[in-house]
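Notes follow the structure.
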Amino acid sequence: MNGGSYITLSGILAVERQLSAVTNNLANVNTAGYKSTNVNFAEFLSQKAINANESGENKPLVDKAYPIVLNTYNNMSQGALKKTGNRLDLAIKGSGYFVVSTPTGVKYTRNGVFSLNQAGELVTQEGYPVLSTFKKPIFLNERSSDVTIGGSGEISLTDPQTGNEMYSGTILIANFKNPQYLSKYGNTLFSETKSSGAPVENKNPDILQGYIEESNVNEIKGMVKMINISETYNNMMQALKSYSTVDNTAINTVGAAV
């Protein structure tokens, strides 16, 4: 296999990663709190090319640079805020993430479609407890219509008999220095990474009750990108077939009986 084949194969693998990311983005265009994933590309120099550069050679090389996926990152721009009227639906305007407890540790999300489980805990769609500023689950009564959640995340329950409001805790909101480098856990949950930095409590969040944050995926741009990626992929496959034909011709010519 010649150098051109290896370069093309490397490009095909990189494009497949990009296509997978775009496809997943489009599949979650209607998922509340979803953040699209993007791919960064780079070139990897072959050892032969490195040696040639160090020796000052100007001769062109067939296997000079290989396209690779450098990293993936999350587009953390805010999605549109949609009013639902459900008192347990919450959206964060601006920066911040709801903090939830999962079997694999604490995670972070912008998906504020919450409900109450049988124990009266405020939970995510996956059933994970939402944490308070004391990093404990939040327990409410079954009368969700009596729940009032302020902009800073403070929760009040209204006693239906007396009409008095009772403070029931404050929802914890976390910020990150570089949220685009959070690691995805499923479609709407994130884990901290070394690149994202450690979570810091947002003491002045802007929470909207009765709203959800929609996916930030632009469906039209995503479809155009998928078409372009598919064309690039098909072109690379054709190039790989051409290299294969050249290799087979060379093998048959060299190995043919004289």
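For the range 74-124, which residues satisfy the criterion of being touching a residue at least 60 places away in the same chain (Cβ under 8 Å), part of a loop (DSSP other than H, G, I, E, B) and surrounded by fewer than 18 Cβ atoms within 10 Å (Cβ to Cβ)?
Within the range 74-124, ASN75, SER77, GLN78, ALA80, THR84, GLY85, ASN86, ARG87, LYS93, GLY94, SER95, THR104 qualify.
Answer yes or no as to whether VAL69 is at pLDDT below 95 and in a loop (DSSP other than H, G, I, E, B).
Criteria not met by VAL69.
Under the condition of being modelled with pLDDT under 70 and crowded, with 16+ Cβ neighbours inside 10 Å, which residue from the range 13-55 is farthest from THR109 (Cα to Cα)?
Filtering the range 13-55 down to residues modelled with pLDDT under 70 leaves 40-55.
Now narrow it down to the ones that are crowded, with 16+ Cβ neighbours inside 10 Å: 46, 49, 52.
Values: SER46: 41, ALA49: 44, ALA52: 49 Å.
So, considering only residues that are modelled with pLDDT under 70 and crowded, with 16+ Cβ neighbours inside 10 Å, the one farthest from THR109 (Cα to Cα) is ALA52.
Just a yes or no: is a residue in the range 200-214 within 14 Å of ASN175 (Cα to Cα), touching a Lys or Arg at 6+ places or on another chain (Cβ under 7 Å) and either assigned to a helix (DSSP H, G or I) or not basic (Lys, Arg) (or both)?
Yes - at least one qualifying residue is present in the range 200-214.
Read through the list (1) at negative phi; (2) of a type outside the set (Gly, Ala, Ser); (3) not in a strand (DSSP E or B), then give the number of the only condition that VAL130 fails.
Looking at each condition in turn, VAL130 falls short on (3).
Among the numbered criteria (1) modelled with pLDDT of 95 or more; (2) more than 23 Å from LYS35 (Cα to Cα), which single criterion is violated by MET237?
(1)
What's the total number of residues in the range 204-230 that are in contact with a Ser or Thr (Cβ under 7 Å, 6 or more places away or on another chain), within 19 Å of TYR34 (Cβ to Cβ) and among the small types (Gly, Ala, Ser)?
Qualifying residue count, the range 204-230: 1.
For the range 162-177, enumerate the residues that are surrounded by 12 or more Cβ atoms within 10 Å (Cβ to Cβ) and modelled with pLDDT under 85.
Within the range 162-177, GLU165, MET166 qualify.
The values are calculated or read from the model by the stated rules, or taken from the named source; none is laboratory data. Since this is a predicted model, take the numbers as computed values, not measurements. FYI the Cβ positions are ideal-geometry reconstructions off the backbone, even for glycines, and counts take in every protein chain you see.
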